[in-house]
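Trainee: Before I ask anything, here is the structure I am working with.
The values are calculated or read from the model by the stated rules, or taken from the named source; none is laboratory data. The model shown is predicted, which means the values in this text are computed figures rather than measured ones. Every residue, glycine as well, gets a Cβ built from its backbone with ideal geometry; the counts of neighbours run over all protein chains shown.
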Amino acid sequence: MSWEMVIGLETHVELNTESKVFCSCRAEFGAEPNTHVCPVCMGLPGALPVFNEQVLHHAAKAGFALNCNGHHRSRFDRKNYFYPDLPKAYQISQFYKPICENGWLSVQTSAGEKKIGITRIHIEEDAGKLLHDDQNETLLDMNRCGVPLIEIVSEPDIRSAEEAVAYLRKVRAILTYIGVSDCRMNEGSLRCDVNLSIHKPDEPFGVRTEMKNLNSFQSVERAIRAEYERQASALENGEEIVQETRRYDQKTGKTSSMRRKENSSDYRYFPDPDLPEVRLTDEQMESIKAEIPVLPDARREAYMKDYGLTAYAAEQLTSERWLADYFEQAAGMAKSAVSVANLLQGEVFAIISAKASEAEKNGTAAPEGEASLPVSPENLGKLSDLLSDGRVNSSTGKKILAAMFKDDCDPVEYAQQNALFAVSDDAVLMEIVQTILKQNPAMVVSYRKGKLTVERALMGKAMAAMKGKADPKRLSELLHQALEALER
Ligand SMILES: [Zn+2]
């Protein structure tokens, strides 16, 4: 019997509030180091925290969107540990009484739909950031100290790397839909700790290890596979798995031990005496629930029903709110929603991911989200129509799309200016068909003798003679008619 992996995820999400969680410093990303700091978030003696109500709102909204129960009373606790990025030597978190508990979300994987439980969601403050420069010095940026976070703790319901990534994508989709975070993994506003153990399915769970701060879907997937392999080969060699925190190295693709895992008792949690209990009234809960828009799962169902998309296409196009909004706008202006969906998932995603890997190679940042698609929905809808009407073929479509990514040009005008329209004029196409048949008498003879496969070869020749600019559907119809008209 093979080993089964058991995974639970702890996902940290920075909330996009104006100010930090316990002081009025700005919480935005990317400012000059150490410019958004004050005595409270620097942990100076005597400074007192004041809770930002917007954080309560955002955290509860996230909880409700993830099907959790919200608590009328929650409380802050101090998690004590020393690290240079934590000036107070404790982090304010919610240990004993978190704001939300008992939720779930559902994911689509190749094996079908699966529900994954969410144990709890609690509010906490982020730590600062250590920057290691090339002179072997470590610098400290405290702008991030006190940026509000929620930690979403899943049940150990995940059984594969694919499910883990699907879960994270769904968390990101839901949180961006409700607008409480931008969930940018490259900026650290969504990051994830993976707890993984393996066991034989009929035996109790094994000892788990934790891999911290994974900040891309790819590293989550690779870290899980690497750690699974390591644990399986250790157990098969009769070694024991120890409970510990491990680091995943992207370069080697391996995990290595960092430190023995702490237990919660090591943190000496106790209620923070500087902060009162947090209250959430029924009225507040109802008004927060009423703000939640149509979420990705409901939108996915609607796309399958209303537009005839496949489950996979609908899942992909609803994975981010901007993308779903964009798709709906473009589909509304085009003749075929399926053609718009195909164009987005095919050529458009291909260009975006090519730009992203080029940027990664050059060490620069590729635009993300909405900015990664600089084409208006209107123009994309027009291109979709050109393709679905057969006025341009797919390779010309690619060329036009590349131009549209440069300056969002109108695809119809661009095709006109560059003489890219496919020829669908029957007279012109028929003439080509006749010429090709005349030039290839041997193939025509084999067709007559019943070798029907030569039709494809003749089609290739006709298309080549038109330099790829024929309407392929019409051309093949005319060719077929001409061949059938020949006597056998
Ligand atoms: Zn501050």
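Trainee: For S339, are the conditions met, namely being more than 20 Å from the chain's Cα centre (by Cα) and in contact (Cβ under 8 Å) with a residue 40 or more places away in the chain? Before you say what the answer is, go through the steps one by one.
Mentor: On the way: more than 20 Å from the chain's Cα centre (by Cα): yes; in contact (Cβ under 8 Å) with a residue 40 or more places away in the chain: yes.
For S339, the condition - more than 20 Å from the chain's Cα centre (by Cα) and in contact (Cβ under 8 Å) with a residue 40 or more places away in the chain - is met.
Trainee: Conditions first: (1) touching a Lys or Arg at 6+ places or on another chain (Cβ under 7 Å); (2) closer than 24 Å to K97 by Cα; (3) part of a loop (DSSP other than H, G, I, E, B); (4) away from the ligand (no atom under 16 Å from the Cβ). S181 passes all but one, so which condition is the exception?
Mentor: (1)
Trainee: Only one of E413, E477, E484 is closer than 17 Å to G397 by Cα, without any contact (Cβ under 8 Å) to a residue 24 or more places away in the chain and not in a loop (DSSP other than H, G, I, E, B); which? Working first, answer last.
Mentor: Numbers: E477 fails: closer than 17 Å to G397 by Cα; E484 fails: closer than 17 Å to G397 by Cα.
So the residue among E413, E477, E484 that is closer than 17 Å to G397 by Cα, without any contact (Cβ under 8 Å) to a residue 24 or more places away in the chain and not in a loop (DSSP other than H, G, I, E, B) is E413.
Trainee: Test each condition in (1) closer than 23 Å to I174 by Cβ; (2) among the β-branched types (V, I, T); (3) touching a residue at least 60 places away in the same chain (Cβ under 8 Å) for T396 and report the one that comes out false.
Mentor: (1)
Trainee: So, one more: Check E301 against each of (1) in contact with a Leu (Cβ under 9 Å, 6 or more places away or on another chain); (2) free of Cβ contacts under 8 Å to residues at least 60 places away in the same chain and name the one condition it does not meet.
Mentor: Only one criterion in (1) in contact with a Leu (Cβ under 9 Å, 6 or more places away or on another chain); (2) free of Cβ contacts under 8 Å to residues at least 60 places away in the same chain is unmet by E301, namely (1).
Trainee: Identify, please: which residue in region 304-318 is touching a residue at least 60 places away in the same chain (Cβ under 8 Å) and surrounded by fewer than 18 Cβ atoms within 10 Å (Cβ to Cβ) and is, among those, nearest to V348 (Cα to Cα)?
Mentor: The first filter runs over region 304-318 and keeps only residues touching a residue at least 60 places away in the same chain (Cβ under 8 Å), leaving 311-312, 315, 318.
Still in the list and also surrounded by fewer than 18 Cβ atoms within 10 Å (Cβ to Cβ): 311-312.
On the way: A311: 19, Y312: 17 Å.
Residue satisfying both the conditions and the ranking: Y312.
Trainee: Could we say that L437 is closer than 30 Å to A324 by Cβ, assigned to a helix (DSSP H, G or I) and touching a helix residue (DSSP H, G or I) at 6+ places or on another chain (Cβ under 6 Å) here?
Mentor: Here the answer is no, as L437 does not meet what is asked.
Trainee: Which residue, of V37, V55, V13, V50, is free of Cβ contacts under 8 Å to residues at least 40 places away in the same chain and of a type in the set (A, V, I, L, M)? Step through it out loud before you land on a result.
Mentor: Numbers: V37 fails: free of Cβ contacts under 8 Å to residues at least 40 places away in the same chain; V55 fails: free of Cβ contacts under 8 Å to residues at least 40 places away in the same chain; V13 fails: free of Cβ contacts under 8 Å to residues at least 40 places away in the same chain.
None of the others qualify; the one that does is V50.
Trainee: Of the residues V6, V40, V13, V55, only one is assigned to a loop (DSSP other than H, G, I, E, B) and β-branched (V, I, T); which?
Mentor: Numbers: V6 fails: assigned to a loop (DSSP other than H, G, I, E, B); V13 fails: assigned to a loop (DSSP other than H, G, I, E, B); V55 fails: assigned to a loop (DSSP other than H, G, I, E, B).
Unique residue meeting the criteria: V40.
Trainee: A further question on this structure: Out of curiosity, is P49 in contact with a Leu (Cβ under 7 Å, 6 or more places away or on another chain), assigned to a loop (DSSP other than H, G, I, E, B) and within 13 Å of the ligand (Cβ to nearest atom)?
Mentor: On the way: in contact with a Leu (Cβ under 7 Å, 6 or more places away or on another chain): yes; assigned to a loop (DSSP other than H, G, I, E, B): yes; within 13 Å of the ligand (Cβ to nearest atom): yes.
In short, yes.
Trainee: Just name the residue that is surrounded by the fewest Cβ atoms within 10 Å (Cβ to Cβ) out of those in region 121-135 that are at pLDDT 90 or above and of a type in the set (D, E, K, R).
Mentor: Result: K129.
Trainee: Moving to a separate point now. Only one residue in L86, L56, L66 is crowded, with 17+ Cβ neighbours inside 10 Å, within 16 Å of the ligand (Cβ to nearest atom) and of a type outside the set (K, R), so which one is that? Break it down stepwise before answering.
Mentor: Values: L56 fails: within 16 Å of the ligand (Cβ to nearest atom); L66 fails: within 16 Å of the ligand (Cβ to nearest atom).
Only one candidate qualifies: L86.
Trainee: Take E101 and decide whether it is within 25 Å of F270 (Cβ to Cβ), within 16 Å of the ligand (Cβ to nearest atom) and modelled with pLDDT of 95 or more. It would help to see each step written out before you state the result.
Mentor: Numbers: within 25 Å of F270 (Cβ to Cβ): yes; within 16 Å of the ligand (Cβ to nearest atom): no; modelled with pLDDT of 95 or more: yes.
The answer is no for E101.
Trainee: Same structure again: Of all the strands (runs of 3 or more DSSP E) wholly in region 78-161, which have at least 1 residues that are under 20 Å from the mean Cα position of the chain (by Cα) and under 26 Å from D182 (Cα atoms)? Show your work before the answer.
Mentor: Values: elements: 90-93, 100-109, 112-125, 129-132, 138-141, 148-154.
Here the list reads 100-109, 112-125, 148-154.
Trainee: Any idea which of V21, V37, V6 is among the β-branched types (V, I, T), within 13 Å of the ligand (Cβ to nearest atom) and more than 22 Å from I178 (Cβ to Cβ)?
Mentor: Details: V21 fails: more than 22 Å from I178 (Cβ to Cβ); V6 fails: within 13 Å of the ligand (Cβ to nearest atom).
Going through V21, V37, V6 in turn, just one is among the β-branched types (V, I, T), within 13 Å of the ligand (Cβ to nearest atom) and more than 22 Å from I178 (Cβ to Cβ): V37.
Trainee: Considering region 429-474 alone, what residues qualify as being small (G, A, S) and under 26 Å from V392 (Cα atoms)?
Mentor: Within region 429-474, the subset small (G, A, S) is 442, 446, 450, 457, 460, 462, 464-465, 468, 470.
Within region 429-474, A457, G460, A462, A464, A465, G468, A470 meet the criteria.
Trainee: Exactly one condition in (1) without any contact (Cβ under 8 Å) to a residue 40 or more places away in the chain; (2) in contact with a Pro (Cβ under 8 Å, 6 or more places away or on another chain); (3) among the charged types (D, E, K, R) is not met by K361; state its number.
Mentor: (2)
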